[in-house]
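Quick notes on the structure that follows.
The values are calculated or read from the model by the stated rules, or taken from the named source; none is laboratory data. What you see is a predicted model, and the numbers here were worked out from it, not measured in a lab. Heads up, the Cβs are rebuilt from the backbone with ideal geometry, glycines too, and the neighbour counts pull from every protein chain shown.
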Amino acid sequence: MTDAARGEQPDTEEGTDEPFLRVPFSADESGRAGRPRKRLAKLIAAKLALDLLLVCGLAVYTYAVTYRTAFEGELEHADAFGVSGWVGGLEGEVAPLELQLFLDGHFVASAVAGEPSQGGRRAFLFRFEQPRYGKHEARVYAVRESRAGARRTLQQVGGPLELK
Amino acid sequence: MRETRAAEDRALAAWEIVAASTSALAAEWVVGTLTGRGRLLLLIPVTTAVIFMLLSHRARGESAREIGWGLDNFVESARLLLPPMFVVSVLLVGVGWYAGTLDFRRWEGGQTLMGVPGLSLIWGPLQQYALQGFINRRAQVALGRGALSVLLVALLFAAFHLPNPWLTFATFAGGLLWAWVYQRAPNILAVGLSHSLMTWVMISSVPPDALHNLRVGFKYFG
C-alpha cells in the first residue's frame with residue numbers, strides 16, 4: 001500500500017488483515033501537513049520547557065528551604081580543654097539552636113547555644129571531658145531544620161580552627 | 001521534498017519520545033528526591049505527560065480506537081501473549097516454591113489480596129498506554145516497525161526502572177514481549193492486563209529483598 005493510499009484511509013485498522021499504524025504527515029504531500037507539524041514542534045518545545053521549569057523550580061525551592069545559609073558566626077577560641085565562639089541566625093531567632101562539634105571530621109559533642117545578646121549573637125562553649133593535646137582541627141556546625149523537622153542539615157559556623 | 005518531510009517526521013517522533021520520557025525520569029530522579037514526602041508534586045510531571053500525549057494524538061489524528069483502547073485485536077493480542085506469559089509464570093512460581101518465597105498475598109509489603117486487582121488493573125494499562133500507545137507508536141514512526149523500535153521501547157521501559165536490577169531486567173524482557181505483541185495486534189487492555197498479571201506473579205514469587213519494594217529512581221537508595 002502506498003503512503004498516499006494509507007493517508008486516505010479513515011481508520012487504519014479497519015478492512016486490513018494486518019494492523020499497522022497511521023503516519024499522517026508523511027502521507028500528505030500537500031501544504032496542509034505543515035500546520036500539524038509546526039503545532040507538534042511547538043508542543044514538544046513547550047513540554048520540554050515545562051519540564052525544565054519544574055526541575056529548576058524544584059532545585060531553587062530545595063536550595064531555599066534546605067541548603068540556604070541561615071547562620072553566621074565564628075570559632076573564637078580552641079584549645080586542649082574546649083572550643084568556644086558565637087553564632088547568630090540570619091533568618092531571625094531560632095530557639096533552641098543546636099550546635100555540633102567535630103574534631104578531625106569526627107563527631108564529638110552537641111550543645112545548645114546560649115541566650116541571644118542584644119546583637120542577636122549567641123555564645124557557645126564545648127568543654128572536653130578529657131584534654132585533647134596534639135594537633136586537632138575543630139569545626140562547629142549549626143543544625144538547621146526545614147520542612148517542619150523532616151529534614152535536618154548541618155551548616156558550618158565560621159571556619160575551622162586548630163586546637164592550641 | 002518527500003524524503004525531507006519523512007526525515008522531519010522521524011525527528012519529530014523521536015523528540016516526542018524524549019519529551020514523554022523526561023516526565024518519567026524527572027518524577028523518579030528529581031521530584032521524588034527533592035520533595036520528600038510531598039508526593040502531590042508528582043502529579044505535575046504525570047499531568048504534563050498525559051496532556052502532552054493526548055495533544056500529540058490529536059495533532060497526529062490518532063483515535064483512541066487506533067491506539068488500542070477498545071476490544072479490537074484483544075483476542076489476537078491475548079493469543080500472542082498467553083504462551084510466553086504461561087512459561088514465565090511457571091518458571092517464576094517454580095523458583096518461588098523452591099526458594100520458599102511463594103506468597104500470592106504479598107503486594108508492596110502488606111496490602112491485602114483484595115487490593116491487588118484494583119491497583120493492578122489500573123496501573124498496568126496506564127503504564128502500557130504510555131509505553132505502547134505512545135512511545136511504541138512514535139518509535140515506529142522514527143525507526144520503522146520491527147526489531148529496532150521494539151528494542152528501543154524495551155530499553156526505555158528498562159531505563160525507567162533503573163537502578164533496581166531485578167526490575168530493570170524484568171521490564172526489559174517484558175518490554176520486548178509487549179512491544180512486539182503491540183506492533184502485531186495493538187490493544188492496550190491486553191498488554192496492560194498482561195503487565196498487571198505478570199507483576200503480581202513476580203511479586204508473589206521473587207524474594208521481596210531482591211525487588212527492593214519495587215523502588216526505582218533515586219528512591220531506590222532511600
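Values computed for the structure shown
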{"item": "Pick from the stretch A:50-75, criterion more than 14 Å from chain B (Cβ to nearest Cβ) and of a type in the set (Gly, Ala, Ser), ranking: farthest from the chain's Cα centre (by Cα)", "result": "A:73"}
{"item": "Selection count where residues are more than 19 Å from the chain's Cα centre (by Cα) and either at pLDDT below 85 or assigned to a loop (DSSP other than H, G, I, E, B) (or both), scope the stretch B:81-131", "result": "14"}
{"item": "Within the stretch B:142-218, helices (runs of 4 or more DSSP H) holding 3 or more residues that are closer than 30 Å to residue B:3 by Cβ and in contact with a helix residue (DSSP H, G or I) (Cβ under 9 Å, 6 or more places away or on another chain)", "result": "B:147-159, B:165-184"}
{"item": "Residue selected from the stretch B:182-222 under the condition among the β-branched types (Val, Ile, Thr) and touching an Asp or Glu at 6+ places or on another chain (Cβ under 9 Å), by the criterion nearest to residue B:155 (Cα to Cα)", "result": "B:216"}
{"item": "Residue count, the stretch B:25-59 (criterion: at pLDDT below 90 and either farther than 25 Å from residue B:155 by Cα or outside any helix (DSSP H, G or I) (or both))", "result": "8"}
{"item": "From B:158, B:210, residue being small (Gly, Ala, Ser), modelled with pLDDT of 95 or more and under 26 Å from residue B:94 (Cα atoms)", "result": "B:158"}
{"item": "Residue B:33 of a type in the set (Ser, Thr, Tyr), within 10 Å of another protein chain (Cβ to nearest Cβ), surrounded by 15 or more Cβ atoms within 10 Å (Cβ to Cβ) and more than 13 Å from residue B:135 (Cβ to Cβ)", "result": "yes"}
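Yes or no, residue by residue, for (1) assigned by TED's automatic domain parsing to the domain that holds residue A:148; (2) in contact with a Pro (Cβ under 6 Å, 6 or more places away or on another chain); (3) not acidic (Asp, Glu):
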position: A:39; (1), (2), (3): no, no, yes
position: A:51; (1), (2), (3): no, no, no
position: A:124; (1), (2), (3): yes, no, yes
position: A:129; (1), (2), (3): yes, no, no
